[in-house]
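Note sheet for the following structure.
The values are calculated or read from the model by the stated rules, or taken from the named source; none is laboratory data. Because the structure is a prediction, the values reported are computed rather than measured. Note that each Cβ is placed from the backbone with ideal geometry, even for glycine, and that neighbours are counted across all protein chains shown. Surface areas here come from the heavy atoms of the whole protein model, side chains and all, with no ligands, DNA or RNA. Shrake-Rupley method; radii C 1.70, N 1.55, O 1.52, S 1.80 Å.
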Amino acid sequence: VTTGLLIILVFILSLMINNTVVTPLKSLMARFESGASGNFSVRMPVNSKDEIGQLAQYFNDFMEKLEAYSASLKSEIKKHRQTEQFLKISEEKYRTILERMAEGYFEIDTAGGFLFLNRAMKGMLDISPDGYAGANIQSFLTGHGKDYFADFTGKIMDTGRPGQIDDIEILRDDGSACYVEISMSPVKKDCKS
């Protein structure tokens, strides 16, 4: 009889442990798995104030914070994409305006390498549409013009203020010369390493 009662007591005790510990832990594990797959709205019902109930509450608090961070991150990503799209549209408009204007326009790097030439400038230099790739402004200047231009750009870079050169001689691709007026402004760009 004692052995039978002990077996019944152990069975009842194992059922209680199963209902109060194992089943809630399995439920919590399933919710963690759901949260790990990206469902941050999953919550655990808090049915008690014991350690399992506290664990469920901690899980709920953690998931609330994750859900808030996820929403905030999605909002930031959306804003960055919109800003990127607006910048792209703005740059396309800017390039279209520069390309269509009648005055020659060019951009160079600090070493004098061409970054951009509009159609009018390509016409002045008598070069093909893609003929400026890898070219340097110095290769289109005469001996005196090279020194003058180098001093001028150095002054612009040192002061950070725009300046202007009148009547500088530029050699065209066919060897003929033309005189141009150059207005220059430094442009600072953010560098990311």
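The table for this structure:
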| read-out | value |
| --- | --- |
| Residue list for the stretch 108-148, restricted to those being over 36 Å from the mean Cα position of the chain (by Cα), part of a loop (DSSP other than H, G, I, E, B) and not hydroxyl-bearing (Ser, Thr, Tyr) | 126 |
| Search result, residues across the stretch 150-165 that are β-branched (Val, Ile, Thr) and either open to solvent by less than 40 Å² (accessible area, probe 1.4 Å) or closer than 20 Å to residue 115 by Cα (or both) | 153, 156, 165 |
| So residue 104, is it open to solvent by less than 40 Å² (accessible area, probe 1.4 Å) and either closer than 30 Å to residue 28 by Cα or assigned to a helix (DSSP H, G or I) (or both) | no |
| Unique residue being among the small types (Gly, Ala, Ser), over 30 Å from residue 122 (Cβ atoms) and not in a helix (DSSP H, G or I) when the list is 27, 41, 72, 14 | 41 |
| Count - residues of the stretch 49-84 that are among the aliphatic types (A, V, I, L, M) and over 26 Å from residue 20 (Cβ atoms) | 5 |
| Extreme residue, most open to solvent (accessible area, probe 1.4 Å), among residues of the stretch 1-27 that are more than 51 Å from the chain's Cα centre (by Cα) and small (Gly, Ala, Ser) | 14 |
| Candidate set from the stretch 38-48 (those that are farther than 16 Å from residue 23 by Cα and out of contact with any Gly (no Cβ under 8 Å at 6 or more places or on another chain)); member that is surrounded by the fewest Cβ atoms within 10 Å (Cβ to Cβ) | 38 |
| Qualifying residue in the stretch 80-94 (condition: touching a helix residue (DSSP H, G or I) at 6+ places or on another chain (Cβ under 7 Å) and either modelled with pLDDT of 85 or more or polar (S, T, N, Q) (or both)) | no |
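Residue by residue, here is whether (1) on the phi > 0 side of the Ramachandran plot; (2) open to solvent by less than 80 Å² (accessible area, probe 1.4 Å) holds:
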residue: 83; (1), (2): no, yes
residue: 115; (1), (2): no, no
residue: 118; (1), (2): no, yes
residue: 125; (1), (2): no, yes
residue: 134; (1), (2): yes, no
residue: 148; (1), (2): no, no
residue: 167; (1), (2): yes, no
residue: 187; (1), (2): no, no
